[in-house]
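Have a look at the structure below before the remarks.
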Amino acid sequence: MDLYNVRRQAKIFVQAACGFLLLNVLVFCTVFRRPDKRWKKETYDCAIVCGYYAEEDGTPSPYMKSRVEKGVSLLREGKAACLLLSGGAVANPHVEAEVMEAYALELGAAQDVLYTEAQAVSTYHNMMYSKAVMEKHGLKDCIIVTNGWHLRKADHYARKFHLDHVMCKADDPAEQTWLCGALYYMKTWWNMYSNLFRGYW
């Protein structure tokens, strides 16, 4: 095969690869829209705090801490009337909702404004089970608290379950490097996209 044909085939391959990548980006952005972070009111009925695994000794991990701290700050600022802490035992035997509840109490939150949901094992279930808790207690709207790399995924499932919501970004833990953050974005978005082809989206 002469050099001209090699270059021609390489060019066709690159164009096809770029076209395939662009198509997939368009599909991703169409299905998983930008998270809605526009506040529509001053106070929401509750703030759903998405779970993250606890440490092996049962203490809250840095990402879990950052989410609970943001939730408690929303309580103090009067932006949320209560917290709904969502998460089961996923990465280890410790139930995320229970660990988050203990940390929220440690931060000064009152017990009577804390609800827990301990069945969720994924973001999909965070929204599904939290909606059931909201309906049980007559909570009409919510703030959804999670980290930046998780906002788009949580927002997608919140819309799927027709929650009246706004997204709220928790601060990144001090331990997070830019590389770690970038890897979390890539991992989360890949997981979201692959779920499309597994029928779980």
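Derivation of every value follows stated rules applied to the coordinates shown; laboratory data play no part. What you are looking at is a predicted structure, and each value in this text was computed from that prediction instead of being measured. Don't worry about glycine lacking a Cβ; one is built from the backbone with ideal geometry, like all the others, and counts go over all protein chains shown.
Numbers for the structure displayed
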| item | result |
| --- | --- |
| Rg in Å to one decimal, and Dmax rounded to a whole Å, for the range 102-164 via C-alpha atoms | 12.4, 33 |
| Volume in Å³ per residue [convex hull over Cα atoms, computed for the range 46-196] | 104 Å³ |
| Positive-end residue of Leu75, Val121, Asn92, charge dipole of the range 60-201 with Cβ unit charges | Val121 |
| Cβ-based net charge around Thr188, under 11 Å, with every Lys or Arg adding one and every Asp or Glu removing one | +3 |
